[in-house]
Amino acid sequence: MSTERVRGIQIHRPIIYGNSAVLLTANERATVAADHTHRWTLGVRSAASVEGRAEQVGGAEDMSYFIKRVTFKLHDTYPNPNRVVDKPPFEVTESGWGEFSVQIQITFIPEAQEKPVRLNHYIRIHQWHLPEPFWDPDSGLPKPAAPTPLPQQDSVHAWQYDEIVFTDPPQAFFDILRQHPPIPLPKIRRKGVPPNIANPQSIASISRGIPEFTQAMEREEAERLDQAKKTLTEQLIKYKQMMDEKQKEVDKFKAGLAV
Ligand code: SLL
């Protein structure tokens with residue numbers, strides 16, 4: 001195998017990793033451990049969704065042309081928590097009762113001559129909700145805990161977009177990647193926005209069904225960052241003014257004391 005690398009090249013592949021979860025039906029509950037309430041599918045998928053397959057987030061492409069194996073390290077309450085998946089789809093489906101963190105390791109085909117990539121994902125089975133401040137912003141006092149009832153949803157989706165970047169890829173691997181261009185994401189939104197803590201609006205408007213990753217998300221993220229910068233600058237100016245005023249007061253008192 002040629003080890004010659006193509007210098008000065010960066011090539012990437014968009015992926016998503018995460019999970020979808022549904023409540024078990026009464027019939028399904030009879031077939032699993034008594035305390036299990038949900039079924040979830042955890043996986044690493046291509047970011048583009050399958051046209052016409054409304055129930056799945058992402059996964060339009062078979063990524064085994066560059067991924068050799070994905071291992072998922074589940075919670076120790078699961079039998080054989082180290083799940084090794086060496087053919088597509090790179091997914092694990094299980095039932096359970098709780099949420100937990102999973103370590104995901106993606107191993108590439110030998111031509112890549114790359115170290116495995118490690119990712120972390122928190123398996124979500126319960127409805128997304130925004131963390132509520134535990135103090136009252138008006139009084140500054142702690143708020144009594146008031147659990148908000150969450151609307152029951154058909155399914156919960158928690159997927160993270162990422163890009164695997166290969167720098168100076170070996171020639172053979174570069175050729176393989178070029179033979180498999182990724183399916184471009186849709187430019188505009190056709191379905192729901194994937195819920196993400198970094199985008200509170202995506203969680204507030206969660207009822208719009210199975211989410212889909214789009215090119216519009218990148219632009220919206222940039223707009224959110226711009227907006228956040230603006231808000232920060234405004235707050236900095238405000239606090240600077242407050243400090244100046246306080247300083248003036250201090251100076252006034254000091255002058256008064258000196259008399
Ligand atoms: C914790 N978040 O940190 C919890 C752990 C574990 C979930 C959740 C099924 C395991 C089984 C299952 O849902 N485990 O089959 O017994 O304590």
Counted residues in segment 189-222 being in contact (Cβ under 8 Å) with a residue 24 or more places away in the chain and not in a loop (DSSP other than H, G, I, E, B) come to 8
In segment 103-143, anything within 16 Å of the ligand (Cβ to nearest atom) and in contact with a Lys or Arg (Cβ under 6 Å, 6 or more places away or on another chain) is listed as Q103
Of the candidates E111, E61, E55, the one satisfying the condition of being touching a His at 6+ places or on another chain (Cβ under 9 Å) and acidic (D, E) is E61
Here the qualifying pairs (Cβ atoms under 7 Å; residues six or more apart or on different chains; first in segment 84-105 and free of Cβ contacts under 8 Å to residues at least 60 places away in the same chain; second more than 16 Å from the ligand (Cβ to nearest atom) and hydroxyl-bearing (S, T, Y)) come out as V84/T71; K87/S64; P88/S64; Q105/T71
Query raised in the report: Does segment 74-81 contain at least one residue that is in a strand (DSSP E or B) and within 16 Å of the ligand (Cβ to nearest atom)?
Result: no
Report task. Please verify whether segment 57-72 includes one or more residues that are of a type outside the set (S, T, Y) and within 16 Å of the ligand (Cβ to nearest atom). Result -> yes
message: Looking at segment 21-37, can you tell me whether even one residue there is at negative phi, within 16 Å of the ligand (Cβ to nearest atom), assigned to a strand (DSSP E or B) and among the polar types (S, T, N, Q)?
response: no
Q: Could you please let me know if T71 is without any contact (Cβ under 8 Å) to a residue 24 or more places away in the chain, assigned by the TED database to the domain that holds P194 and either of a type in the set (S, T, Y) or under 19 Å from H126 (Cα atoms) (or both)?
A: no
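The values are calculated or read from the model by the stated rules, or taken from the named source; none is laboratory data. Note that the coordinates shown come from a computational prediction; the quantities given were computed from them, not determined experimentally. Here the Cβ is made from the backbone with ideal geometry for all residues, glycine too, and neighbour counts use every protein chain on show.
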